[in-house]
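The values are calculated or read from the model by the stated rules, or taken from the named source; none is laboratory data. Predicted model, so just to flag it, every value in this text is computed and none were measured. Neighbour counts run over all protein chains shown; Cβ positions are idealised from the backbone, glycine included. When the accessible area is computed, the model is the full protein with side chains, heavy atoms only, and any ligands, DNA or RNA have been set aside. Shrake-Rupley method; radii C 1.70, N 1.55, O 1.52, S 1.80 Å.
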Amino acid sequence: MSQRTCLVVDDSTVVRKAARRIIEGFGFRVSEAKDGQEALDACRSALPEAVLLDWNMPVMDGITFLRAARAEFGPDQPRIVLCTTEAELSKILEALSAGAQEYVMKPFDADILRDKFTQAGLLEEAA
Amino acid sequence: MTPDSFNFLAGLVKARSGIVLTADKGYMLETRLGPMLRRESMQGLDALAQRLRAPRAEALAAEVVEALTTNESSFFRDGKPFEHLKKLLPKLAAARPPGQPIRVWSAACSSGQEAYSIAMTAAELGPALGGRKLDILGTDISREMLDRAQEGVFTQFEVQRGLPVTMLVKHFKQEGQRWRVAPELRAQVRWQFFNLMEDPRTLGRFDIIFCRNVLIYFDAPTKSRVLGSLAGMLAPDGVVYLGGAETVLGLTERLVPAPGERGVYEPARATAKAG
């Protein structure tokens with residue numbers, strides 16, 4: 001079986017690096033994009049299994065990417081987990097209705113990402 | 001700290017909470033009791049032990065025990081028990097007379113995530129329960145935790161542990177950086193101070209008991225006694241959920257593992273008497 005893949009989309013190098021380290025620890029091969037447009041291009045060349053997605057980014061923001069990805073690739077693939085400082089209920093509802101599987105409010109740590117990846121169906125429940 | 005002081009403190013904690021402090025837990029006493037020592041201007045744990053031996057130390061003793069309880073909790077912790085609960089609740093709802101609520105006990109409930117997870121599981125089942133109500137009781141020996149549980153307000157960090165975001169938006173109201181459990185869920189849970197060292201029969205009978213990651217702090221005789229009590233309070237078709245590292249094996253014969261399940265225990269069927 002080929003290794004599972006996750007695309008980390010965030011305009012902050014620091015956040016991408018932190019997320020990469022954690023998600024690699026879950027056994028995923030991680031690639032990075034710094035905005036929604038780069039992420040969309042990456043998905044078109046090879047669709048990852050998971051996308052960890054920031055909201056506020058230059059060029060194309062996360063919610064625009066989310067809607068474009070759902071229109072182009074369907075409701076289930078890739079599994080998309082928002083990961084953003086936006087913590088308002090209205091924003092969470094907006095992301096869910098646009099087709100996000102899960103939602104992480106920054107700051108995050110490995111435990112939160114593991115739980116959210118589990119709920120998004122990307123990881124098995126730890127026995 | 002002298003061995004004598006350690007033994008005195010460990011004895012006090014064991015008598016009051018069942019929690020066994022082994023000699024390697026000296027560091028834990030230092031860190032957990034440090035704030036209290038500073039507040040009371042005491043020189044160290046020896047001074048604390050001395051104070052506790054004097055009369056009228058009740059409030060201080062209670063505080064020591066409270067400081068040494070472990071209050072780790074998260075929503076839907078370990079997942080599996082709640083998967084089992086989802087299947088069990090409709091069966092129990094069908095088996096009970098009309099109007100009788102399903103009674104659930106969250107023993108050592110800490111800040112309340114387990115009890116609220118039970119309430120959410122029932123809410124998600126909706127029509128499958130045929131309108132059957134749950135009567136959930138959360139008990140703990142920490143009054144601070146009980147207050148928190150009752151308030152039902154959780155930090156952004158806490159609501160991201162174990163709780164699917166769909167349940168967060170459905171069952172919580174946002175209050176700034178924090179999230180409060182919706183009134184419909186809070187109405188299903190009662191909170192009560194209760195020490196597992198006491199006779200639990202005063203709490204009544206239960207269909208379901210969650211007693212997870214509690215027994216690990218007790219010695220074998222205490223484990224046996226608590227498990228025996230739980231078995232005695234359980235409906236014949238009820239279950240007890242224990243933590244992943246806990247078992248009934250060698251501790252009680254009144255509970256047996258549910259076939260094909262982990263961490264789920266049923267009352268032992270009365271064996272037929274030899275004729």
Find the residue count for the stretch B:80-116, including only residues that are touching a residue at least 24 places away in the same chain (Cβ under 8 Å), assigned to a loop (DSSP other than H, G, I, E, B) and open to solvent by 10 Å² or more (accessible area, probe 1.4 Å). 3
Against the conditions (1) open to solvent by 40 Å² or more (accessible area, probe 1.4 Å); (2) within 14 Å of another protein chain (Cβ to nearest Cβ), where does residue B:249 fall short? Just the number, please. (2)
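Residue by residue, here is whether (1) free of Cβ contacts under 8 Å to residues at least 40 places away in the same chain; (2) assigned to a loop (DSSP other than H, G, I, E, B); (3) open to solvent by 10 Å² or more (accessible area, probe 1.4 Å) holds:
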residue: A:19; (1), (2), (3): no, no, no
residue: A:43; (1), (2), (3): yes, no, no
residue: A:69; (1), (2), (3): yes, no, no
residue: A:99; (1), (2), (3): yes, yes, yes
residue: A:103; (1), (2), (3): yes, no, no
residue: A:118; (1), (2), (3): yes, no, yes
Leading residue by the ranking (surrounded by the fewest Cβ atoms within 10 Å (Cβ to Cβ)) among those in the stretch A:78-97 that are among the β-branched types (Val, Ile, Thr) and at the interface with chain B (Cβ under 10 Å from one of its Cβ atoms): A:92
Filter result (without any contact (Cβ under 8 Å) to a residue 60 or more places away in the chain and either surrounded by 21 or more Cβ atoms within 10 Å (Cβ to Cβ) or part of a strand (DSSP E or B) (or both)) within the stretch B:130-139: B:134, B:135, B:136, B:138
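Within the bounds of the stretch B:224-237, is there any residue that is assigned to a helix (DSSP H, G or I), open to solvent by 70 Å² or more (accessible area, probe 1.4 Å) and free of Cβ contacts under 8 Å to residues at least 24 places away in the same chain?
Yes: the stretch B:224-237 contains one or more residues that are assigned to a helix (DSSP H, G or I), open to solvent by 70 Å² or more (accessible area, probe 1.4 Å) and free of Cβ contacts under 8 Å to residues at least 24 places away in the same chain.
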Go through the stretch A:21-41 and report how many residues are open to solvent by less than 70 Å² (accessible area, probe 1.4 Å) and part of a helix (DSSP H, G or I). 8
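From the list A:75, A:48, which one is in contact (Cβ under 8 Å) with a residue 12 or more places away in the chain, in contact with a Cys (Cβ under 7 Å, 6 or more places away or on another chain) and away from chain B (no Cβ under 12 Å)? Please lay out each step first, then the result.
Details: A:75 fails: in contact with a Cys (Cβ under 7 Å, 6 or more places away or on another chain).
Of A:75, A:48, the one residue that is in contact (Cβ under 8 Å) with a residue 12 or more places away in the chain, in contact with a Cys (Cβ under 7 Å, 6 or more places away or on another chain) and away from chain B (no Cβ under 12 Å) is A:48.
Is it the case that residue A:9 is modelled with pLDDT of 95 or more, open to solvent by 60 Å² or more (accessible area, probe 1.4 Å) and either in contact with a Ser or Thr (Cβ under 7 Å, 6 or more places away or on another chain) or of a type in the set (A, V, I, L, M) (or both)? So that I can check it myself, show each step before the final result.
Numbers: modelled with pLDDT of 95 or more: yes; open to solvent by 60 Å² or more (accessible area, probe 1.4 Å): no; either in contact with a Ser or Thr (Cβ under 7 Å, 6 or more places away or on another chain) or of a type in the set (A, V, I, L, M) (or both): yes.
Considered against the rule, which asks whether it is modelled with pLDDT of 95 or more, open to solvent by 60 Å² or more (accessible area, probe 1.4 Å) and either in contact with a Ser or Thr (Cβ under 7 Å, 6 or more places away or on another chain) or of a type in the set (A, V, I, L, M) (or both), residue A:9 comes out as no.
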Is there a residue being assigned to a loop (DSSP other than H, G, I, E, B) and under 20 Å from residue B:143 (Cα atoms) anywhere in the stretch B:7-19? yes
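Return the total of residues in the stretch A:107-119 being at the interface with chain B (Cβ under 9 Å from one of its Cβ atoms) and out of contact with any helix residue (DSSP H, G or I) (no Cβ under 6 Å at 6 or more places or on another chain). Even if it seems obvious, please write down each step before you answer.
Start the filter on the stretch A:107-119 by keeping residues that are at the interface with chain B (Cβ under 9 Å from one of its Cβ atoms), which leaves A:107-109, A:111-112, A:115-116, A:118-119.
Retained after the next criterion (residues that are out of contact with any helix residue (DSSP H, G or I) (no Cβ under 6 Å at 6 or more places or on another chain)): A:107-109, A:111, A:115-116, A:118-119.
Counting residues in the stretch A:107-119 that are at the interface with chain B (Cβ under 9 Å from one of its Cβ atoms) and out of contact with any helix residue (DSSP H, G or I) (no Cβ under 6 Å at 6 or more places or on another chain) gives 8.
Residue by residue, here is whether (1) among the aromatic types (Phe, Trp, Tyr); (2) farther than 25 Å from residue B:112 by Cβ holds:
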{"site": "B:204", "(1), (2)": "no, no"}
{"site": "B:209", "(1), (2)": "no, no"}
{"site": "B:218", "(1), (2)": "yes, no"}
{"site": "B:235", "(1), (2)": "no, no"}
{"site": "B:238", "(1), (2)": "no, no"}
{"site": "B:243", "(1), (2)": "no, no"}
{"site": "B:249", "(1), (2)": "no, yes"}
{"site": "B:264", "(1), (2)": "no, no"}
